[in-house]
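J.: Could you have a look at this structure, given as C-alpha cells, before my questions?
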Amino acid sequence: MHARFIDFLHTSPSAFHAAHNVAQALTAQGFSLIDATSPAPSAPAAPGGHVLVDGGAVIAWWVPERPRPRFRIVGSHTDSPGLMAKPQPDFQREGLRQVAVEVYGGPILQTWLDRDLRFAGRVVTDDGAQHLVDTGAVARVPNLAIHLYRADAPTVERQAHTPPVLGVNQPLMELVGEAAGVDPQRIVAHELITADAQRGELLGDLLAAGRLDNLSSVWASLEALLAAKDTAQDILVLAAFNHEEVGSASTTGAGGPLLERVLTRIARELGEPFDVFAESFQVSADAAHAVHPNYPEKHDPTHRPRLNGGPVLKINANQRYASDAVTEAEWLRACRAAEVPSQTFVGNNSVPCGSTIGPISSTRMGIRTVDVGVPLLSMHSARELCGARDMEYFVRALTAFYGARAE
C-alpha cells in the first residue's frame, strides 16, 4: 500500500497530474472517461463507473445496478501550496537564470529553500492543445549563507527572495518545452508550480513527502472507491477539486458548479427528485493538524490528535469545518465498522484555525457533511509528515463510509 501511495505522490507533482492519475487508475479498472470539453458533457447514470477530468479537478462516480436514490461523496482537493511561475518567468540576475514566481496559497516559505525543485503542471500550445509537463529537478531557491546575517534566520521576503535559480544557460521555458515534447516557441500559456523533487520516504512508521496536504485524501478516496464499488448500494462519488488552497472560488473549485452539475444530471437521468441531495452524505477529506511535540501549547489541551492514532474528525463551532453532531456520529459509525481508531481536532481558542472544502461544498448543495483527515506535522511545508498506519486506517474508514448502510 505505501509503495503505491508514494508512487502516486511522486507522479502527481501538480493538480493536473493528480487528476490525470486518478482518471488513469479508474479507467484501468473499467470506468468510462467522460469528455469534459464537450459543450454539454454528459453524466451517465448507467450502471458502472464513470470519470470526468476538468483541468486540475476530477469527479468519478459508481452507479450500482439498482441504486438507492442518494449519493455518498468523498470530497478532497488536488492542489498544494507552492511557487507558481509567472506568465513571463525567465530573467537573469548576477549571471544566473532565474524564474519569476508568484506565491500560491500559504506555503511555509523557509522550507522551499535549498530543496531540489521541479516545475510541473500544464502548458497550452498555439493550436489550443494542452500538455502535461514535469521538468524533473531543475531549480533551487538558495539560502543566504549564515556568515552574511546575524540572526536566527533571515526573513524570506515573498518577492525578492523566492525566485529559484536554474543555472547559467537554459531558461525555464526551454526546459518546459523539452519536458513536454513541444517547441517552446509554440507555448502560449502555462500553469506551472514547484514541487519537491525528492520521492516520499518511509521513516519507520512515519511517511515523509511533499503534497500530503491533500493528496493523502485524494489517494485514500481513490483506493476506497475501488474497494467499495462492487458491493455499493448508494451512488458512490469521488470529487477532487482544484484551488482549495486559494479559496475554492473557481470553475474547478469546490465553490464552482462542477460537482453540482454532475450530481444533478445523474439525478435527472435516474428520474429522482432534487431532494436526493437531502438524502445524501459527504465526507470532506482534508489533512488535519497533529499535535506538535515541540509546540504542544499551540493545541487544545483536551484534544490531542497524534500520528498513527487514526483519522481525525475536525470540529469548529464557527463553521470553519462542516461537521455537526449528526454527521460526526455517521463518521464514527464508519470508523467502528472499519475497526479503526478515531481522533478529534478542535482548535485552541487563542490560535487561528484553517478551513476546508466542507463548508463551501455543503452550503452550495445542501448535503450533510463531515470534515475528517489524516493527521500531519509540517502542514504546508515543502515536505510534510504523516503516520504510515494512518493512511491504512483512512482507506479502511472511507471504504466503510462508502459501503455504510443507512438505518
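J.: Compute the acute angle (0 to 90°) between the alpha-carbon long axis of helix 325-338 and the principal axis of greatest extent of the alpha-carbon atoms of the chain; round to the nearest 10°.
T.: Approximately 90 degrees, to the nearest ten.
J.: Could I ask something else about it? By how many nm would the segment from Arg333 to Gln130 grow when fully extended, if each residue of separation counts as 0.36 nm and the alpha-carbon distance is taken off?
T.: 68.7 nm
J.: Taking 0.36 nm per residue of sequence separation and subtracting the Cα-Cα distance, how much length would be gained by fully extending the chain between Ala46 and Val103, in nm to one decimal? Walk me through the numbers on the way to the answer.
T.: Numbers: separation 57, 0.36 × 57 = 20.52 nm, distance 4.28 nm.
This chain segment gains 16.2 nm when fully extended.
J.: Could you give the nm distance between label points at Lys86 and Asp114, where each point is 7 Å from its Cα heading toward the beta carbon?
T.: Going from the Lys86 label point to the Asp114 one covers 2.7 nm.
J.: Please list, in order along the range 230-243, the HN-Hα scalar couplings obtained from phi with the Karplus expression 6.51 cos²θ - 1.76 cosθ + 1.60 (θ = phi - 60°), rounded to whole Hz, x for Gly and Pro.
T.: Couplings: 6, 10, 5, 10, 8, 7, 8, 10, 10, 10, 10, 8, 9, 6 Hz.
J.: Under the Karplus relation 6.51 cos²θ - 1.76 cosθ + 1.60, θ = phi - 60°, what is the ordered set of whole-Hz ³J(HN,Hα) values for the range 343-352, x standing for Gly and Pro?
T.: 10, 10, 10, 10, x, 5, 4, 9, 10, x
J.: Between Asn308 and residues 5 or more places away or on another chain, which pairs have amide H atoms under 5 Å apart, with H built 1.01 Å from N, and which residues are they?
T.: Sorted by chain and number, the residues that satisfy this are Gly387, Asp390.
J.: Taking a 1.4 Å probe, which of Arg68, Arg186 shows the most accessible area, and what order do the others take after it?
T.: Numbers: Arg68 60, Arg186 100 Å².
From most exposed to least exposed: Arg186, Arg68.
J.: Give the relative contact order (percent, whole number) for the range 15-114; include only Cα pairs under 8 Å separated by 6+ residues. Walk me through the intermediate numbers first.
T.: On the way: 129 pairs, mean separation 20.8, N = 100.
Relative contact order of the range 15-114: 21 percent.
J.: Let me ask another. Using the heavy atoms of the protein chains and a 1.4 angstrom probe, tell me the accessible area per residue for the range 67-197 in square angstrom. Intermediate values should be presented prior to the final figure.
T.: On the way: 6430 Å² over 131 residues.
Per residue, the range 67-197 has 49 Å² of solvent-accessible surface.
J.: Residue by residue through the range 14-28, what is 3J(HN,Hα) from phi via Karplus (6.51 cos²θ - 1.76 cosθ + 1.60, θ = phi - 60°)? Round to whole Hz and write x for glycine and proline.
T.: In residue order, the calculated couplings are 9, 4, 5, 5, 4, 4, 4, 5, 4, 4, 4, 4, 6, 5, 5 Hz.
J.: In the range 79-178, what percent of the accessible surface is made up of carbon and sulfur (1.4 Å probe, ligands and nucleic acids excluded)?
T.: Numbers: 2650 of 5330 Å².
With neighbouring chains kept in place, the figure for the range 79-178 is 50 percent.
J.: Please label the shape of the range 190-250 as rounded, prolate or oblate, based on the square roots a ≥ b ≥ c of the eigenvalues of the alpha-carbon gyration tensor (a/c under 1.5 means rounded; beyond that, a/b larger than b/c means prolate, else oblate). Intermediate values should be presented prior to the final figure.
T.: Numbers: a/c = 2.89, a/b = 1.26, b/c = 2.30.
Taking the square roots of the gyration eigenvalues as a ≥ b ≥ c, the range 190-250 is oblate.
J.: State, as an integer percentage, the relative contact order of the range 154-307 based on alpha-carbon contacts under 8 Å between residues 6 or more apart.
T.: Details: 77 pairs, mean separation 19.1, N = 154.
Result for the range 154-307 is 12 percent.
J.: I'd like the Kirkwood hydrodynamic radius of the range 240-316, using the inverse of the mean 1/r over distinct C-alpha pairs, in Å. Write out the running numbers ahead of the final one.
T.: Numbers: mean 1/r = 0.0633 Å⁻¹.
Mean inverse Cα-Cα distance, inverted, gives 15.8 Å.
J.: Expressed as a whole percentage, what fraction of the accessible surface of the range 273-346 belongs to carbon and sulfur atoms when a 1.4 Å probe is rolled over the protein heavy atoms? Each step should come with its number before you reach the end.
T.: Details: 1920 of 3610 Å².
Exposed carbon and sulfur together represent 53 percent of the surface.
J.: What nm distance separates the two modelled labels at Thr302 and Ile146, each placed 7 Å from Cα along Cα→Cβ?
T.: 4.4 nm
J.: Now, a different point. Hey, can you find the accessible area per residue of the range 218-353 for me, probe 1.4 Å, expressed in square angstrom?
T.: Working: 6010 Å² over 136 residues.
I get 44 Å² per residue for this part.
J.: On a full-extension model of 0.36 nm per residue, what is the gain between Leu270 and Leu202, subtracting their alpha-carbon distance, rounded to one decimal in nm? Could the numbers behind the result be given before it?
T.: Numbers: separation 68, 0.36 × 68 = 24.48 nm, distance 4.52 nm.
Here the answer is 20.0 nm.
J.: 5 Å is the cut-off here: which amide hydrogens, built 1.01 Å from N in the peptide plane, fall below it relative to Phe345, excluding neighbours closer than 5 in sequence?
T.: The list, which skips near neighbours in sequence, is Leu313, Lys314, Ile315.
J.: Only bridges with both residues in the chain count here: give the DSSP antiparallel percent, nearest 5.
T.: Details: 52 of 77 bridges.
In the chain, DSSP labels about 70 percent of beta bridges as antiparallel.
J.: Looking at the range 256-407, what % of its DSSP beta bridges pair antiparallel, to the nearest 5? Display every interim value, and only then the final one.
T.: On the way: 5 of 15 bridges.
So the antiparallel bridges in the range 256-407 amount to around 35 percent.
J.: Express the relative contact order of the chain as a whole percentage, based on alpha carbon pairs under 8 Å and six or more residues apart in sequence. Let's see the in-between values first.
T.: Numbers: 927 pairs, mean separation 87.6, N = 407.
In percent, rounded to a whole number, it is 22.
J.: Ranking request for peptides 258-266, 392-400: highest mean number of other beta-carbon atoms within 10 Å first, then the rest in descending order. Write out the running numbers ahead of the final one.
T.: Working: 258-266: 19.7, 392-400: 23.8.
Going from most to least packed, we get 392-400, 258-266.
J.: Still on this structure, I have one more. Beta carbons within 10 angstrom, averaged per residue: use that to sort the peptides 293-304, 361-372, 133-144, highest first. Show your work: numbers first, answer last.
T.: Working: 293-304: 11.5, 361-372: 22.1, 133-144: 18.2.
Taking the mean over residues of other Cβ atoms within 10 Å, the ranking is 361-372, 133-144, 293-304.
J.: Which net charge results when you count Lys and Arg as +1 and Asp and Glu as -1 among the other residues whose beta-carbon is under 11 Å from that of Thr125?
T.: Numbers: positive: Arg122, Arg186; negative: Asp126, Asp127, Asp183.
Overall, the nearby charge balance is -1.
J.: Could I ask something else about it? What nm value, rounded to one decimal, do you get for the distance between Glu178 and Glu260 when each label is placed 7 Å out toward the C-beta?
T.: In this crude label model, Glu178 to Glu260 measures out at 4.6 nm.
The values are calculated or read from the model by the stated rules, or taken from the named source; none is laboratory data. Predicted model only: the values in this text are computed from it and were never measured. Every residue, glycine among them, receives a Cβ derived from its backbone with ideal geometry; neighbour counts consider all protein chains shown. These area figures cover heavy atoms from the full protein model, side chains too; ligands, DNA and RNA do not enter into them. Shrake-Rupley method; radii C 1.70, N 1.55, O 1.52, S 1.80 Å.
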